[in-house]
Amino acid sequence: MSGCPENSPTDTRERTRQVAVQARMKNRSFIVVEKDDDLRSLYRRKLEQKFQGCVVVEAPSGAEALDVLGHASIDAIVVNQAALDGTGLEVLQTIRRTDARIPLVSIGPAQVEGEALRSGATVFIDDRRWADLGKTVEEVLPKNSEEAK
């Protein structure tokens, strides 16, 4: 026998369960809908900085975002209105019809804020304040796992 104290199978299972619960609580999943590769990558990095260990799926179109949403559990979606050639509002409306509870963070020029919120965005970020993305997403996420799903 080694010099380490033995753990009972019950203790090991309990610790494993606790680690799994902690992982579920910390590991968030997001979709970033943005046509421009550089901006999409920037938004992804902002989310990864704020939510270490998160999964960020990059979608260059609303159709791709909807496909991911149909096959994965997602905590929030970030949609850049200006980058989607006028379809950003339609993307918000379609996602909202697909999932009425998922937080939708819309980024765009100030003049589209009202339309974005009426189209289903949970919150709007003026595109000049994109650096607030992580904080804003954190504010709209459900506070516990029961609310999230």
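The values are calculated or read from the model by the stated rules, or taken from the named source; none is laboratory data. Computed from a predicted structure; not experimentally measured. Reconstructed Cβ throughout: ideal geometry from the backbone, glycine too, with neighbour counts over all protein chains shown. Each accessible area value is taken on the protein alone, full model and side chains, heavy atoms only, with ligands, DNA and RNA left out. Shrake-Rupley method; radii C 1.70, N 1.55, O 1.52, S 1.80 Å.
Do you know which of the residues in segment 50-68 that are assigned to a helix (DSSP H, G or I) and over 13 Å from the mean Cα position of the chain (by Cα) is nearest to residue 87 (Cα to Cα)?
So, considering only residues that are assigned to a helix (DSSP H, G or I) and over 13 Å from the mean Cα position of the chain (by Cα), the one nearest to residue 87 (Cα to Cα) is 62.
If residue 15 satisfies all but one of (1) within 28 Å of residue 92 (Cβ to Cβ); (2) at pLDDT below 50, what's the number of the condition it fails?
The failed condition is (1).
Residue by residue through segment 109-131, note down the ones that are modelled with pLDDT under 90 and under 17 Å from the mean Cα position of the chain (by Cα).
Across segment 109-131, the qualifying residues are 130, 131.
Among the residues of segment 25-37 satisfying the criterion of being open to solvent by 90 Å² or more (accessible area, probe 1.4 Å) and farther than 10 Å from residue 54 by Cα, which is modelled with the lowest pLDDT?
First, the residues of segment 25-37 that are open to solvent by 90 Å² or more (accessible area, probe 1.4 Å): 25-26, 35, 37.
If we keep only those that are farther than 10 Å from residue 54 by Cα too, we end up with 25, 35, 37.
Details: 25: 51, 35: 88, 37: 91.
Applying the filter and picking the extreme gives 25.
Restricting to segment 78-134, what's the tally of residues that are out of contact with any strand residue (DSSP E or B) (no Cβ under 8 Å at 6 or more places or on another chain) and either open to solvent by 60 Å² or more (accessible area, probe 1.4 Å) or under 13 Å from residue 39 (Cβ atoms) (or both)?
The qualifying residues number 15.
For residue 63, indicate whether it is surrounded by fewer than 19 Cβ atoms within 10 Å (Cβ to Cβ), under 19 Å from residue 141 (Cα atoms) and of a type in the set (Gly, Ala, Ser).
So residue 63 fails the test.
Got a number for residues in segment 135-145 being open to solvent by 50 Å² or more (accessible area, probe 1.4 Å), among the polar types (S, T, N, Q) and assigned to a helix (DSSP H, G or I)?
Here is the first cut: in segment 135-145, the ones open to solvent by 50 Å² or more (accessible area, probe 1.4 Å) are 135, 138-139, 143-145.
Pick out the ones that are also among the polar types (S, T, N, Q) and you get 144-145.
Imposing the further condition that a residue be assigned to a helix (DSSP H, G or I) reduces the set to 145.
Count: 1.
All but one of (1) over 21 Å from residue 142 (Cα atoms); (2) assigned to a helix (DSSP H, G or I) hold for residue 46, so report the exception by its number.
(1)
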